[in-house]
Amino acid sequence: MTQFRHSLDSADIDALIANHQPGYSLEQAFYIAPEIFEEEFTHLFSRQWQFADHISRIPKQGDYFLFAIAGEEIIVVRGEGDTVYAHFNVCRHRGSRVCLAAEGHVKRMTCPYHAWSYRLDGSLAHARELPESVDKSKLSLQPCQVRVFEGLIFINLTAEGKGRVPDFASLVEPLRPWVEQADLRHTKIAHVESYRSQVNWKVALENYFECYHCLASHPEWCKIQLHALRDAVGTESAIETFEKKNEQWEVRARELGHMAGEMAGNFDFPDPESCYDAQIPYAERMMVNDNSGDLYSSLTPNGADMPSKLLGSYKADDEGQTDWGLTPSCFLYTTCTYSTVLRITPLGPLDTEQKVMWLVHEDAKEGIDYDIESMRWLVSATLTQDRQIVEDTQAGVSSRAYVPGPYGELESQVPQLQSIYLRALAYGRALRNDLKN
Ligand code: FES
Ligand code: FE
């Protein structure tokens, strides 16, 4: 693994932020340095709502899974009814991990070291031979905040009332009309693929937010997804072709009572303070392609059909899809019969997990209503290609020869995201200095 070649002090970080050249990729240190990653933890990862998983992973009281982010491990556990708790997986006795298996079912969470046990809400239930004077009520597992939106579990490492975090409700409320028709609350995970790469999370995220690379790197995606004409080809005539066909599709979709059009993600934040709390919801509902079902069948290796059981309140498959999400970790393509959900999670300065899950109707039967091989093929092939791209990019970005390069017109969202990121870091650092003084 490449190590950053010298350590950064606070003045170095200020200078790196201040000297960034807009419209160019970031300086090398942003993609490598552990000191920058630490700043990101303080000002971003620990304050932002991070997508953890789908609610169907923990259907029953006592079901749990572990969620790893930036060197931390969180126990996400189902409590009574719809309650979901999230706790740091750190025992309040002497710090051992409490839950060791990646997922499971517990009545209480019992630490394997000296057997302290915790209730699902994190409170300490039992600690053998502890002096009377010790106040057990002060020894709960350290809590995280949890919100569930349309079946998607988001956690925030900052405990309630312990620091400023973005307001979750106002982030996701605009998304609701775009996604509630699919009712992802009543879906199940049909398939999961996950890979870990020795890359910085921003290399992966920047790749997700542009389709400039799609023409060269994703031939299958470009064949099937008509919007590649706009987002990957990008010539005037290609954009016109897409828009014309999509407008005709919009009429059909609206006739069916389905959403169509765009809730443009707002990448335009007026000041550093709003950048500090920025997480961007976005949604666009558009056509996949003409005869997308036949197209899939003809291109998938085994020729099988796409999932058939309609999600939520859809009455017919209009061959549309909603491209939506909430930065920086939750990205979906939701059709009338299934949804992919991509999660990008920073694990370390040069360690990022990309996990994709396929959601189908909770009553759908494998082999009858959906075929995993067929369903996974396009996104799986595309993400495998992306994995190679981001690893090759990280290798080059880590080189002594790397210098920031200019962005093209088809990747305009990347410098916008970077501008928000840099202003958020600058604001957070200034805020901390003010508090110290
Ligand atoms: Fe957990 Fe001792 S460290 S019970
Ligand atoms: Fe890609």
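The values are calculated or read from the model by the stated rules, or taken from the named source; none is laboratory data. Keep in mind it's a predicted model, so treat the numbers as computed, not measured. All Cβ positions, glycine included, derive from the backbone under ideal geometry; neighbour counts span all protein chains shown.
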Any chance segment 84-98 includes a residue that's of a type in the set (S, T, N, Q) and surrounded by 16 or more Cβ atoms within 10 Å (Cβ to Cβ)?
yes
Take residue 148 and decide whether it is surrounded by 14 or more Cβ atoms within 10 Å (Cβ to Cβ), modelled with pLDDT of 95 or more, away from ligand 1 (no atom under 15 Å from the Cβ) and outside any loop (DSSP other than H, G, I, E, B).
yes
Quick one: how many residues across segment 227-269 are over 23 Å from residue 315 (Cβ atoms) and hydrophobic (A, V, I, L, M, F, W, C)?
10
Read through the list (1) within 24 Å of the chain's Cα centre (by Cα); (2) in the same structural domain as residue 147 (by TED's automatic domain parsing), then give the number of the only condition that residue 80 fails.
(1)
In the list 399, 419, which residue meets the criterion of being outside the structural domain of residue 71 (by TED's automatic domain parsing) and in contact (Cβ under 8 Å) with a residue 12 or more places away in the chain?
419
Of all residues in segment 111-133, how many are out of contact with any Pro (no Cβ under 6 Å at 6 or more places or on another chain), in a loop (DSSP other than H, G, I, E, B) and modelled with pLDDT of 95 or more?
11
Is there a residue in segment 424-434 that is within 16 Å of ligand 2 (Cβ to nearest atom), assigned by TED's automatic domain parsing to the domain that holds residue 214, touching a residue at least 24 places away in the same chain (Cβ under 8 Å) and in a helix (DSSP H, G or I)?
no
When segment 206-221 is checked residue by residue, the ones that are under 20 Å from residue 352 (Cα atoms) and either assigned to a helix (DSSP H, G or I) or touching a Lys or Arg at 6+ places or on another chain (Cβ under 8 Å) (or both) are 206, 207, 208
Matching residues in segment 169-188 - criterion: being of a type in the set (Lys, Arg) and under 20 Å from residue 363 (Cβ atoms)
185, 188
Answer yes or no: is there a residue in segment 350-373 that is modelled with pLDDT under 95, within 16 Å of ligand 2 (Cβ to nearest atom) and in contact with a helix residue (DSSP H, G or I) (Cβ under 9 Å, 6 or more places away or on another chain).
no
Can you find, within segment 195-205, the residue that is nearest to ligand 1 (Cβ to nearest atom) among those that are under 12 Å from residue 392 (Cα atoms) and part of a helix (DSSP H, G or I)?
204
Out of all the residues in segment 161-184, is one or more among the aliphatic types (A, V, I, L, M), farther than 29 Å from residue 390 by Cβ, more than 16 Å from ligand 2 (Cβ to nearest atom) and assigned to a loop (DSSP other than H, G, I, E, B)?
no
Since residue 195 meets every condition but one in (1) at pLDDT 95 or above; (2) more than 28 Å from residue 427 (Cβ to Cβ); (3) of a type outside the set (Gly, Ala, Ser), which condition does it not meet?
(1)
Can you list residue pairs whose Cβ atoms sit under 7 Å apart, with the first residue in segment 361-390 being without any contact (Cβ under 8 Å) to a residue 40 or more places away in the chain and part of a strand (DSSP E or B) and the second being more than 16 Å from ligand 2 (Cβ to nearest atom) and hydroxyl-bearing (Ser, Thr, Tyr)? Count only pairs 6 or more apart in sequence or on different chains.
none
